[in-house]
Amino acid sequence: MLKIVTHDDPQISLVLDRRFTFPEEAAERVAAIVAEVRDRGDEALCHFTSRLDGVDLRPEDLEVPEEEIEQAYREVSSAFVEALRCALTRIFNFHAKHVPKSWHEVRPDGSVWGELVRPLDRVGIYVPGGRARYPSSVLMNSVPARVAGVKELVMVTPPGPAGKVDPHVLVAAREAGINRLFRIGGAQAVAALAYGTRTVPRVDKIVGPGNIYVTLAKRLVYGQVGIDLLAGPSEVVVVADDTAPAAWVAADLLAQAEHDPQARVLLVTLSRRLAEEVNRELEAGWSELGSPPASRESLAHSYAVLVPDLDTAMDCVNRFAPEHLELLVADPAPLVERVRHAGAVFLGPYSPVPMGDYLAGPNHVLPTGGTARFASPLGVNDFLKRTSVLQLSAPAFRELGPHAALMAEIEGLQAHARAIKVRGV
């Protein structure tokens, strides 16, 4: 299970200071797919859906019709719809707390400055699918966009067997206010959203997690459209002391490990006894879950790091810059002030990461691979843009103009200086 090492062990530096990279071969394959969709549109979409997903569709089959969404409500339980609506309310209320507003200010010299804050017109949401289903991903990507005021949400998700989209995902899409929904996935879906086809509308920004091909496609089309972030394998760091139940720590590590064979889980603790007990609980929990190979592979390259004190523990956390950070210590609140780099922080024994994954309120689309050093969770600001506004009064222009003209001349931009001087300064 977890390799137990001390914080100053040389091999732990490779873990804490990691960076993720992309295989060049995968990047070349993605570039070819994106180019073909850009050039051939719906024809290429249908070709790749057949070749990669094993589903034969015509262009007119790409969009999910209204009757299929209505049928989905008859196929899911009322308890699921209730849970979905609970999640929607909490996620909406959390994101509504940080909506920036347009502003302007009249300066003492009579000039005016400010900013216009406007939502994006159309956003594309990628939701992983195929043989899996992620209704939570629908909510986390769409709710902040709705709070921001985005007019149109276009969702893409890979088709499952027989070309169907999972009914739970369809119901989540309807409840979240998705305007149009297409049964396409992979790099080809990202390309369709970025460039538009006869059937799929072009969007202004693409958000939502996916596999390495989706991530590479998002990186490739950036600039043509905006993107949220480049998602790598999921990860969690659990900082725990002797008060943490080993079974709960192990359960939280296993929850993250089941995402992907490359998922990274890390226990940082002051107690070797706890680390050893957590390893025993991991074995037991893994067997109870049916011995999933993805979890075994993830745990095989993960660590328990022994530290002498909580200050050292937080140093390790900030070097790793985890997607998820759990603080399972007797008094977690003081440690929050020590957090510099983390996507999301979960305090205490009753705040496990899966609660945040589904309905606690904060977004589960988080920076991975150490990018929490400079990136933030998906939020309302990701769906807004700011436009600066400036009106100088004549007195303000006369006072500031000579300074601006001088700076233009120093930079060798004589036309810039002339545009100022022609106004009488």
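How about the range 247-285: which of its residues are part of a helix (DSSP H, G or I), free of Cβ contacts under 8 Å to residues at least 40 places away in the same chain and among the hydrophobic types (A, V, I, L, M, F, W, C)?
Within the range 247-285, ALA247, ALA250, LEU274, ALA284 meet the criteria.
Quick check on the range 7-50: of everything there that is over 27 Å from the mean Cα position of the chain (by Cα) and exposed (fewer than 12 other Cβ atoms within 10 Å of the Cβ), which residue is nearest to ALA187 (Cα to Cα)?
Going through the qualifying residues, I end up with ASP39.
Cβ contacts < 6 Å: first residue among the charged types (D, E, K, R), restricted to the range 331-346; second residue at pLDDT 95 or above and buried (at least 16 other Cβ atoms within 10 Å of the Cβ), any location; separation 6+ or different chain. Result?
Partner pairs satisfying both residue conditions: ARG338/MET314; ARG340/ASN318.
Check the range 118-127 and report whether any residue there is assigned to a loop (DSSP other than H, G, I, E, B) and among the small types (Gly, Ala, Ser).
No, because not a single residue in the range 118-127 is assigned to a loop (DSSP other than H, G, I, E, B) and among the small types (Gly, Ala, Ser).
Take the residues of the range 183-196 that are crowded, with 23+ Cβ neighbours inside 10 Å and in a loop (DSSP other than H, G, I, E, B): which is nearest to the chain's Cα centre (by Cα)?
Going through the qualifying residues, I end up with GLY185.
Among the residues of the range 134-170, write down those that are in a helix (DSSP H, G or I) and among the basic types (Lys, Arg).
Step one: of the range 134-170, the residues in a helix (DSSP H, G or I) are 135-148, 161-163, 167-170.
The answer is ARG146, and nothing else.
Of everything in the range 110-138 that's touching an Asp or Glu at 6+ places or on another chain (Cβ under 7 Å) and of a type in the set (D, E, K, R), which residue is nearest to LEU84 (Cα to Cα)?
ARG133
Counting only residues that are at pLDDT 95 or above, of a type in the set (Lys, Arg) and in contact with a helix residue (DSSP H, G or I) (Cβ under 9 Å, 6 or more places away or on another chain), how many does the range 125-162 have?
Qualifying residue count for the region: 1.
Looking at (1) in contact (Cβ under 8 Å) with a residue 60 or more places away in the chain; (2) part of a loop (DSSP other than H, G, I, E, B), which one does ASP242 not meet, given that it meets all the others?
(1)
For THR368, are the conditions met, namely being touching a Gly at 6+ places or on another chain (Cβ under 8 Å) and either among the β-branched types (Val, Ile, Thr) or modelled with pLDDT of 95 or more (or both)?
yes
The values are calculated or read from the model by the stated rules, or taken from the named source; none is laboratory data. All values reported here derive from a predicted model rather than from experimental measurement. In this analysis, Cβ positions are derived from the backbone assuming ideal geometry, glycine residues included, and neighbour counts consider all displayed protein chains.
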